[in-house]
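Note sheet for the following structure.
Derivation of every value follows stated rules applied to the coordinates shown; laboratory data play no part. Please read these numbers as outputs of a predicted model, since none were measured by experiment. All Cβ positions, even for glycine, are placed from backbone atoms using ideal geometry, and neighbour counts span all protein chains on display.
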Amino acid sequence: MDVIYSVTDLKQHIKENYNNMRIGFVPTMGFLHEGHLSLIKKAILENDLVVTTVFVNPTQFGQGEDFETYPRDLQSDMVLAKAAGTHIFFNPSSEEIYPLNSSTIVETEGDIVANLCGTARPGHFKGVATVITKFFNIIRPDRAYFGEKDAQQVAVIKKMAAELFFDVSIVECPTVRESDGLAKSSRNSNLLPEERSQAPLIFKALEEVKMEFLNGNLDTTYLLQILRYNLFKITHGEIDYADIVDKKNLVKIDQVQSDALVAVAVKFKNVRLIDNITLKKEVTSC
Ligand code: AMP
């Protein structure tokens with residue numbers, strides 16, 4: 001695995017060694033876990049070259065959020081990324097990605113950011129879209145791999161890639177969970193012990209909704225009642241949002257008529273966790 005720290009070096013390295021090869025790109029903020037590694041492993045199967053980036057992107061954190069305390073362990077990340085098969089490990093500096101006085105950002109607007117983290121974290125997706133655009137331009141990947149755990153991020157990036165005519169396929173990968181159902185996340189390491197024992201209730205609440213849905217309940221007011229009732233069992237954390245939206249355009253819905261996303265964010269003392277499930281509406285044809 002080659003470890004590269006500068007944009008110029010990365011561009012030159014790819015040009016000289018991987019010309020005309022299929023490039024897979026896995027963007028991460030590091031503190032790698034099985035969720036990240038599942039993306040890398042999928043990318044390995046589908047490409048000739050896999051570039052994994054570790055970059056804690058300052059512009060996607062709002063004021064008072066956890067940029068400073070976000071867990072970091074570069075040495076462990078290198079070991080894990082290499083073991084998963086990464087060819088190039090890219091770890092640029094903030095100064096290079098965001099030069100002083102830089103004046104270009106990628107704005108996101110409309111329905112896709114009008115709910116969920118789009119409103120709970122104003123400016124978050126602008127930061128995500130900006131950094132991913134920069135990485136797409138540096139790496140020029142054929143495929144880029146994102147986790148369903150961040151479902152709104154996937155939707156925003158898919159839309160952005162299409163609207164900015166990036167020649168890249170966005171590949172969505174399933175959420176990897178702990179044995180108790182908690183979605184793996186770098187942030188889990190910042191949970192206090194009592195919060196960690198309650199955090200699996202997030203997925204349990206989502207599963208309760210799925211059960212009601214499978215029993216034929218399609219009314220989202222009712223499904224949200226079930227969701228909130230179960231989330232209130234978390235006494236060491238507060239619901240930031242709990243919503244049901246159309247999976248494609250992320251608009252709130254009254255009835256589940258096509259695939260719907262049930263999405264939740266819970267704020268613990270030092271950590272905010274998100275999770276979601278999809279309610280799959282079978283298409284019946286005559
Ligand atoms: P992060 O480092 O948290 O920004 O995540 C980098 C990428 O890994 C994003 O596309 C995430 O959606 C994905 N990811 C994070 N956690 C998981 C997980 N538990 N399962 C699958 N993918 C994940």
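Can you find, among Val26, Ser94, Gln63, the residue farthest towards the positive end of the dipole of the chain? Put +1 on the C-beta of Lys and Arg, -1 on that of Asp and Glu. Of the listed residues, the answer is Val26.
For the chain, the relative contact order comes to 17 percent (Cα pairs under 8 Å, sequence separation of at least 6). Around Val264, with a cut-off of 9 angstrom between Cβ atoms, what is the net charge of the other residues, counting Lys and Arg +1 and Asp and Glu -1? Neighbourhood net charge equals -3. State the percent of C-alpha pairs, over all pairs in the range 92-134, separated by a distance greater than 14 angstrom. So the portion of pairs separated by more than 14 Å is 52 percent. Against the longest alpha carbon principal axis of the chain, how many degrees, from 0 to 90 and to the nearest 10, is the axis of helix 151-163 turned? Computed tilt is about 50 degrees.
How large is log10 I(q)/I(0) at q = 0.10, 0.16 Å⁻¹ when the Debye formula is applied to the Cα atoms of the range 186-277, each weighted equally and without solvent? Here the Debye-derived log intensity ratios amount to -0.25, -0.61.
Peptides 142-149, 117-124, 63-70, ordered by how many other C-beta atoms sit within 10 Å of their residues on average, highest first, read 142-149, 117-124, 63-70. How far is helix 34-46 tilted, in degrees, relative to the longest principal axis of the Cα atoms in the chain, given as a value from 0 to 90 rounded to the nearest 10? Approximately 60 degrees, to the nearest 10.
Ranking Tyr222, Pro200, Ile277 by how far each Cα lies toward the positive end of the dipole of the range 186-277 (charges on Cβ) leaves Pro200 at the top.
For the chain, what is the calculated [θ] at 222 nm in deg cm²/dmol (nearest 500), taking -39500 (n - 2.57) for each run of four or more DSSP H residues and dividing by its residue count?
Details: 10 runs with 104 residues, N = 286.
It lands at -11000 deg cm²/dmol.
Its Cα centre serving as origin, the chain has a Cβ charge dipole (Lys and Arg +1, Asp and Glu -1) of approximately 200 debye.
The lysine pair count for the range 186-277, using Cα distances under 23 Å and pairs eight or more places apart or on different chains, is 13.
Stokes-Einstein D for the chain at 25 °C, 0.890 mPa s, Kirkwood Rh over Cα pairs, in µm²/s?
Values: Rh = 19.9 Å.
For the chosen part, D equals 124 µm²/s.
Per the Cα gyration tensor, the range 87-168 maps to an equivalent ellipsoid with semi-axes of 21, 17, 13 Å, ordered largest to smallest. The convex hull defined by the C-alpha atoms of the range 149-209 has an orientation-averaged projected area of 5.4 nm².
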